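Enquirer: Questions regarding the structure given below will be posed in turn.
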Amino acid sequence: MTATLNRAQWRMIVLASLGGALEFYDFIVYGIFAREIAAAFFPANDPVVSLILTYSVFTIGYFARPVGGIILSHFGDKYGRRAVFILSVLVISISTFSMGLIPTYASWGVAAPLLLMILRLIQGFCLGGELPGAITYVVETSPSRACFVCSFVFFCVQSGVVLASLISLAVHTLLSPPEVAAWGWRVGFLFGGLTGLGSYLLQRSLEETPEFREMKQTASASQRPVAEVFSKYTVRVLAGTAAIAVVAGFNGLLFAHMPAYLATVLHYDARTANYAQNVCLAAMAITIPIFGWLGDRVSRIRILQVGALVLALGAWPFYHSIVAKSQYAIPLFALAGVVSGMPSGTFACILADLFPTRVRFTGVALAFNISFTVFSGTAPLIATSLIQRAGPANGPALFLITCAVLAVIGTLVIRPFSGNIQNPRY
């Protein structure tokens, strides 16, 4: 039987998850408005070339995440989880708000995209510590319900992405295309920055996790957590990185690549593209906590494996259907969201379960950030490049299949290393 969460635990979990929701919103809203950003900062005769330049900056933000994860998780494992991810929320929010105020290429020339790139680097650096910190925090707050509380974090993250998509839908509905291109895209960044600052004020009331406080009292905290992870847990980091590749790859395609892919490459109108994406996001948001709840009762790894295999098998028909503008395209978006909820609802707990408390923040940060950098940060860039070589359907599908196969291989390696939290279901 799994324990029931008490009121104090729920409060800590909700506040930690709120930060993840708003900060992922801030990071992903760039991809949501990629087409408008491309026109404002990277004007080019070929819209696909313009998108590739825009996605290059998107990718740069992801490459800052492992560096930020290493540095911030070092302090999180040595001194405490709370301060690290709360500070990350503040800095990401300020960066996002600033991105909404940057003059365009037409006004500042090369300085405009350079400043955009710097702010993306800052966002990526801090996000490298914020989400792993939230995962570690909720696992150590309620270890007996680890899979569910981790899934709740990513339910909130998905809700943040849904919010970003709804903001985009509202902007494109209420404003004319010239207004959206001129200034409407800034609304998403300004809104995200302000709500992130509100999240920071709420999270200041959080306490340190019970497991970390207990560990500090016994003087068993790691003094060199990064070095310890690299010397003792390298295989676990690599296996975890591979195991969550399907989550990272799918999210990169859906969050950042899909809006511009539908509108620019396949010439869907902006409202239809936003609607399709929202259907998938809503299905994910609903099913993530369901599979997280299930992961406290049956094998978490098995749930992830099944989801990865179904996504691999469904990638070809899914992309060929939307390229052909089939009448079944919207139901397929919903089905893809449901299936992706299987790995998305279990992967965070699987990662946390690989590492002991003394280096959990660092281990989770390394595996999480490496995987999301390699498979999510590059997804829009690689998928767009593959489209020019393999076609509009085959390119993205091939990328997703590769990520799913890697995930299955990673889960086969993980099993012997699991069991570092209560109620292990591996």
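Enquirer: Test of understanding: in a Gaussian network model of the chain with alpha carbons linked when under 10 Å, which of Ala112, Ala146, Ala285 would top the mean-square fluctuation ranking?
Expert: So, out of Ala112, Ala146, Ala285, the one fluctuating most is Ala112.
Enquirer: Starting from the residue with the highest accessible area, list Lys78, Lys216, Lys232 in decreasing order, probe 1.4 Å.
Expert: Ranking Lys78, Lys216, Lys232 by accessible area, largest first, yields Lys232, Lys216, Lys78.
Enquirer: A follow-up question, please. Before I look further, what does the chain give for accessible area per residue, probe 1.4 Å, in whole square angstrom?
Expert: Value for the chain: 36 Å² per residue.
Enquirer: Moving on to the next point. Using only Cα atoms, locate the centre of the range 122-176 and the centre of the range 368-423, then give the distance between them in Å, rounded to an integer.
Expert: Taking the Cα centre of the range 368-423 as reference, the centre of the range 122-176 is 19 Å away.
Enquirer: Okay, next question. What ranking of Arg11, Arg300 comes out by heavy-atom accessible area, probe 1.4 Å, highest first?
Expert: Solvent-accessible surface, decreasing: Arg11, Arg300.
Enquirer: Taking R0 as 25 Å, what's the FRET efficiency between Gln327 and Leu53 from their Cβ-Cβ distance, rounded to 0.05?
Expert: The calculated FRET efficiency here is 0.10.
Enquirer: Which residue, Val57, Val413, Val157, has the most motion in a Gaussian network model of the chain that connects Cα atoms within less than 10 Å?
Expert: Judging by the Gaussian network model, the answer is Val413.
Enquirer: Using Cα pairs under 8 angstrom and six or more residues apart, how large is the relative contact order of the range 170-283, in percent?
Expert: 20
Enquirer: Strictly under 4.7 angstrom between C-beta atoms: which cysteines of the chain have no such partner?
Expert: Taking the Cβ cut-off of 4.7 Å, the unpaired cysteines of the chain are Cys126, Cys156, Cys280, Cys403.
Enquirer: Let me ask something additional. Give the label of the value calculated from the structure for Kirkwood radius over Cα pairs in Å, choosing from (1) 22.2; (2) 21.1; (3) 22.8.
Expert: Among (1) 22.2; (2) 21.1; (3) 22.8, the one derived from this structure is (2).
Enquirer: Report in % the part of the accessible area of the chain that belongs to carbon and sulfur, leaving out ligands and nucleic acids; probe 1.4 Å.
Expert: Using a 1.4 Å probe with all protein chains present, the chain comes out at 70 percent carbon and sulfur.
Enquirer: Given the peptides 335-347, 396-408, arrange them by the average over their residues of other C-beta atoms within 10 Å, most packed first.
Expert: Ranking the peptides 335-347, 396-408 by packing returns 335-347, 396-408.
Enquirer: Quick one: length gained pulling Leu190 to Ser385 fully straight, 0.36 nm per residue minus the C-alpha distance?
Expert: 67.1 nm
Enquirer: Taking R0 as 41 Å, what FRET efficiency do you get between Gln217 and His320 from their Cβ-Cβ distance, rounded to the nearest 0.05?
Expert: 0.10
The values are calculated or read from the model by the stated rules, or taken from the named source; none is laboratory data. Being a predicted model, the structure only gives us computed values, none of them experimental. Neighbour counts run over all protein chains shown; Cβ positions are idealised from the backbone, glycine included. Note: accessible area is taken over every heavy atom of the protein model, side chains too, but ligands, DNA and RNA are not part of it. Shrake-Rupley method; radii C 1.70, N 1.55, O 1.52, S 1.80 Å.
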